[in-house]
1. In degrees between 0 and 90, to the nearest 10, how far off the longest principal axis of chain A does helix A:106-115 point, with axes built from Cα atoms?
2. Please turn the phi angles of the stretch A:246-263 into ³J(HN,Hα) values with the Karplus equation 6.51 cos²θ - 1.76 cosθ + 1.60 (θ = phi - 60°), one per residue in order, whole Hz, x for glycine and proline.
3. Amide H of B:Ser333: which non-local residues (sequence gap of 5 or more, or other chain) have their own amide H closer than 5 Å, using H built in the peptide plane?
4. 5 Å is the cut-off here: which amide hydrogens, built 1.01 Å from N in the peptide plane, fall below it relative to B:Ala145, excluding neighbours closer than 5 in sequence?
5. Just to check, using Stokes-Einstein with a Kirkwood Rh over alpha carbon pairs, what's the diffusion coefficient of the stretch A:236-318 at 20 °C and 1.002 mPa s in µm²/s?
6. Defining the label point at 7 Å along Cα→Cβ, can you sort the distances from B:Gly179 to the same site in each other copy, shortest first, in nm?
7. Under the definition of partner shielding as Cβ atoms of other protein chains within 10 Å of a residue Cβ, what is the mean value for peptide A:75-83?
8. Compare the Cα positions of B:Asn66, B:Val26, B:His103 along the charge dipole of chain B (+1 at Cβ of Lys, Arg; -1 at Cβ of Asp, Glu; about the Cα centre) and return the one farthest towards the positive end.
2 protein chains.
Amino acid sequence: MPSSHSPSIYEVASSAGVSVATVSRVLNAKGPVSEDARRRVLHAVETLGYVPHSAARSLSTRRTMNIGVLLPDVYGAFFSEIVRGIDLAARAAGYHVLVSGSHSDLAETSAVLQALHGRIDGLILLTAGIGAEWLRRTLPSRLPAVLLHSSEAEGGYDSIRIDNRLGARLAADHLLDLGHRRIALICGPCGNTDAAERLRGFREALAARGAPADPRLELPGDFGEESGFRAGESLAGEAEPPTAIFAANDAMAIGCLAALRSRGLRVPDDVSLVGFDDIPIARYLTPPLTTVQVPIAEIGGRALQRLVEMLQGGREIARRNDVVTPALAVRASTAAPREA
Amino acid sequence: MPSSHSPSIYEVASSAGVSVATVSRVLNAKGPVSEDARRRVLHAVETLGYVPHSAARSLSTRRTMNIGVLLPDVYGAFFSEIVRGIDLAARAAGYHVLVSGSHSDLAETSAVLQALHGRIDGLILLTAGIGAEWLRRTLPSRLPAVLLHSSEAEGGYDSIRIDNRLGARLAADHLLDLGHRRIALICGPCGNTDAAERLRGFREALAARGAPADPRLELPGDFGEESGFRAGESLAGEAEPPTAIFAANDAMAIGCLAALRSRGLRVPDDVSLVGFDDIPIARYLTPPLTTVQVPIAEIGGRALQRLVEMLQGGREIARRNDVVTPALAVRASTAAPREA
DNA sequence: ACTCACCCTGAAACCGCTTACAGTCGGCTG
DNA sequence: CAGCCGACTGTAAGCGGTTTCAGGGTGAGT
């Protein structure tokens, strides 16, 4: 039974008959220590159940060994995947992960950022929809940060982003190749740069092939299942429904699929459907969802590794703005249109 | 442009022409401060862009204002929901959330727990499958903790658990009421107490109604989609397939649904299917999944609130072992058997 | 005018750890 | 044998806050 309060390094030192400096040296493997002293210290640590107090350590080393992850919202499979990737890599590197999500507005985000001061060594920020100037104003300049999902290369910050335009083009081209001409789009939330880029890529692909651009076929959405469902209902109710639908993410595709089915439209026989993200369950839907494949967890892991490099390597590391190239996973939710 | 290093409380004090004690008093709204001094301090804080260093604060107050969340694994919608609930409540209470997942074995978990020492004020632990004695040996006795998903009332700890047996009975009774007699079960991972309880409730319900208990209809699973898919394939291949299937969680139900569909079995016409958890997409599946509804995010939120009460209320709070009662959400994946 | 309470304030002691610096000691070299 | 070097160790000064405690005003009561 250990004593009721956590022992400090002083108690370990006196129990081992050495000074605190020696205890510290043993525990951090720094500086020379005689084999005899080392043994005594380790023994004292063991019997007292000593664990260094990390706030104290942080105060003197100026490192906390934890990194912050700020998300626009903690919701759904996408979030879960990205955090999984980060957590895995963090553990390997000896870091801890402090997450925070559901930031309704920028003021709140900046409050959270403040509260994180001194609590984290680095930051991974999902910034879809956050402008570069806001970042520059709000992010402490000393805080190493990696931006995920930022729009263009945000000047001055490291970032990893998905080539959303390319992904959207892949999806649209796939549908065009199958012979579809009336293709609807379920957009993401306005203000979200990922969503905007996907919209742009989609339009470009259609324009490049001379497909009609019908503004009534671009429906609003918010990346949630519910909005996809509503869009699907609305499209199914059209006098002349589209023969294919591209949802800007998988969650909306799932909602849309449910709506189409409830309206008696079969996928892919009556309508083809493409999603974006390739969340784990996409392949288990009925029918399996054709979608733009993004290595979500891997991106999270890479972001963390990059951050650790920055933390260890100091300043001399060159900034990088990586772009991840998505691929199309063709499954059974797409087919040639009926009367093609 | 703020100076290149973060200002300390001393710089704020000298800039405001007061002592550090006064600055601290202003910032923490403790002790009397003249209106004049308060204004000067706040102004200095503003111009210097001062943010208190939380490690230093933690060292002297002995509180970190962050709580740890340990999960068996960071995966899927269930995790995401629970963290969302915790995060939301944490923000409201001024706490930060340190997550850690993917603990393959107990040794690793206990290492993580050690590393968390001094880093967190309290702990929320998803313990499905962790024994009480391990907890008592490993958890620092001073660390307030709330156990989620623990099996029985783990002596000496606060906990919130779902009544898994009841949930499973609800699901089974629903199927029995519809007239099903050959009901298959896709189990969760062995060693997981949630899974074990669900199995138990399922068997009890069948026994209570005199339904045949066929061990070949209890298939292994691991809470992942893939295992549900395999189970579904195996069941579809039977000479005499069951008329209903109860999957111990929604992810496996989704996998199973895909397998049944690919084998040409229709749900619910040929086979009824029930899941467990009611993850957000369950209602958007085709057909919408009948499932045992668990307020996942709410449970996370309650766990955090409970923890905060313990942290603020001190020792005089009575331990509680809450049980959350699930309800059955009947949707379109269940129907009376064909030849009933 | 003297006390006393009360409000406000600052000096200084912590919190627990790291680390620069200044030894101590034994053994080797010249 | 003096001198030096190198391996080891301890003392004490931070890190940046909070908090105790004593003291300096001020106004009221007598």
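Only the coordinates and a few stated rules stand behind these numbers; no lab work does. No experiment lies behind these values; they were computed from the predicted model shown. Every residue, glycine as well, gets a Cβ built from its backbone with ideal geometry; the counts of neighbours run over all protein chains shown.
1. On a 0 to 90 degree scale, this one is about 20.
2. In residue order, the calculated couplings are 10, 9, 6, 7, 5, 4, 5, 4, 5, x, 4, 4, 4, 5, 4, 4, 5, 8 Hz.
3. Under 5 Å from the amide H of B:Ser333: B:Thr290.
4. The answer is B:Leu123, B:Asp158.
5. 143
6. Once sorted, the set of distances for B:Gly179 reads 4.3 nm.
7. For peptide A:75-83, the averaged partner shielding equals 6.
8. Most positive-ward Cα: B:Val26.
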